[in-house]
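In what follows, a single structure is set out as structure tokens and then discussed.
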Amino acid sequence: MQPINQNLLLFNAQEQRPIVPVEKKQWSKANYRYVFQVDEDFYHETHNLALRQGNARWRRVTDEIAVLQASPMEWIKPLLGKFKGSFKNSGSKAYGARKAVSDVVCKTTLSSTGTLATLNWQMTQGKDSKLFEVLCVISYDPSLGTLVMQYQTSTGVTMKGFLPSYQNGKLLWERSGDTPAGRLYELCLFDVSNENVFRHVISKRTLDGIPQVDAENEVILLNRVTD
């Protein structure tokens, strides 16, 4: 085994034999290699780094149950705190949201372990102040190697998603779930590249496979506030 860089180790196998406690087996020639990476509380193994095939992950063996390190949660640190704003809501059949001017309060907090974030989205809709609410939990999934989200709305929608792309405070979520109106799929951008502004953009939305054109590229701008 030899180091490739600070994070990767290269293992070249030249001989191998079965591990049998009773009888001894002869060594046979082998010709394969692994690339190992230790990432916080997990080992990562890649059979072929170029083709990105054969990926596997194992939990590090410890005497106690380890709490995941909080470093992946650094990506959402700019989102922590409270944001407020208003926008012209185009309405949503899937979410049961009204077509009306909506006032939004979004508050995100980090758990005491630093490994879970809770996002609460409260939206007051129209002149009668009808309230629409979302409660979302964000965490790191080692099997996917990225952040995941799960949320429930006050209108009976349950969604799950993951973070396929992150760059400079811009988090692109791919999420889907069942709603009273059908199967919902979304690409949603959380842009907090400016730490004082939360830019929420639905770049794609389909309901039972049908594009929801009115919702696409809908931008909600929220400004950071202090209590």
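Only the coordinates and a few stated rules stand behind these numbers; no lab work does. All values derive from a computational prediction rather than experimental measurement. FYI the Cβ positions are ideal-geometry reconstructions off the backbone, even for glycines, and counts take in every protein chain you see.
The table that follows gives values for the structure above.
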| quantity | calculated |
| --- | --- |
| Separation in nanometres of the label points that stand 7 Å from Cα toward Cβ, at N194 and L135 | 3.3 |
| Summed side-chain charge close to E218 - residues other than E218 whose Cβ falls under 12 Å, Lys, Arg +1, Asp, Glu -1 | +2 |
| Order of K88, K82, K127 under a 10 Å beta carbon neighbour criterion, fewest first | K127, K88, K82 |
| Electrostatic dipole magnitude of the stretch 72-225 [Cβ: Lys, Arg +1; Asp, Glu -1; Cα centre; debye, to 20] | 380 |
| Charge context of V101, other residues only, Cβ under 15 angstrom, K/R +1, D/E -1 | +3 |
| Debye, to nearest 20: dipole size of the stretch 72-139, +1 on Lys, Arg Cβ, -1 on Asp, Glu Cβ | 300 |
| ³J(HN,Hα) computed for each position of the stretch 117-130 - Karplus, 6.51 cos²θ - 1.76 cosθ + 1.60, integer Hz, glycine/proline x | 10, 10, 10, 10, 10, 10, 10, 8, 10, x, 5, 8, 6, 5 |
| Orientation-averaged projected area, Cα convex hull of the stretch 72-225 (nm²) | 8.7 |
| Rounded to the nearest 20 debye, dipole of the stretch 178-227 from Cβ charges on Lys, Arg, Asp, Glu | 80 |
| Net length gained if the chain between K88 and D128 were fully extended (0.36 nm per residue, minus Cα distance) | 12.9 nm |
| Calculated from backbone phi, Karplus (6.51, -1.76, 1.60) coupling profile of the stretch 171-177 in Hz, x at Gly/Pro | 10, 9, 9, 10, 9, 7, x |
| Difference of contour (0.36 nm per residue) and Cα-Cα distance, N223 to S112 | 37.4 nm |
| Under-5 Å amide H pairs with V225, H placed in peptide plane, nonlocal only | K82, F83, K84 |
| Amide hydrogen neighbours beyond the local backbone of V101, cut-off 5 Å, H modeled | N89, G126 |
